[in-house]
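Have a look at the structure below, then the notes.
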Amino acid sequence: MKLKDALRFMFFLFCAVSTFETLFIATLGFINNDIFVFEAKELYKIPFVAFMSVLPVFVMIRSETAPRPEWIARKALHFILTAGVVFTLLIYFKWIDKQNVLLVAIFFLFIYITAFAVQEIRAKRLADAINKRINAFHESENATHRGGG
């Protein structure tokens with residue numbers, strides 16, 4: 001992934017994480033029948049956690065195509081860093097306790113897998129579009145050489 005693509009993906013991921021954090025807090029409050037009263041400073045925690053959780057995307061930046069083992073290692077490192085950042089901040093802000101660890105883990109995995117799938121689908125579409133243009137160029141070039149020969 002190049003820097004430009006990483007930054008674009010980070011923005012998408014930031015929006016998704018912020019949305020899912022808000023849904024998680026609302027779901028947790030609904031399940032526990034809690035009434036939340038937020039101070040303004042509390043509202044800054046949601047985008048802060050989202051921003052910090054997308055920073056590990058920088059691990060995925062490379063200048064050229066990486067071999068499969070390197071890609072797997074980068075993806076594993078990205079997952080570990082992201083999980084570490086997310087769970088550290090959730091514990092620090094006291095958004096997670098023993099009662100809701102499973103729910104948090106499910107939300108985290110859902111967000112992570114969804115973002116990964118969207119990224120892979122977008123990359124495949126781009127690759128298919130590029131390959132289509134390359135094939136069209138080669139067909140055009142071959143037709144020119146056959147016709148002019």
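The values are calculated or read from the model by the stated rules, or taken from the named source; none is laboratory data. In this text, all values refer to a predicted model and were calculated from it rather than measured experimentally. Here the Cβ positions follow ideal geometry from the backbone for every residue, glycine too, while neighbour counts run over all protein chains shown.
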Condition met for V59 (assigned to a helix (DSSP H, G or I) and more than 20 Å from V101 (Cα to Cα))
yes
Taking the residues in region 88-104 that are crowded, with 16+ Cβ neighbours inside 10 Å and in a helix (DSSP H, G or I) as candidates, determine which candidate is farthest from the chain's Cα centre (by Cα).
N100
Can you tell me which residue in region 62-81 is modelled with the lowest pLDDT, limited to those that are surrounded by 13 or more Cβ atoms within 10 Å (Cβ to Cβ) and not aliphatic (A, V, I, L, M)?
R62
Go through K124, K94, K75 for me and flag whichever is among the charged types (D, E, K, R) and closer than 20 Å to L23 by Cα.
K94
Any chance M1 is within 17 Å of the chain's Cα centre (by Cα) and modelled with pLDDT under 80
yes
Give the residue that is farthest from the chain's Cα centre (by Cα), with candidates limited to residues of region 37-56 that are surrounded by 10 or more Cβ atoms within 10 Å (Cβ to Cβ) and part of a loop (DSSP other than H, G, I, E, B).
F38
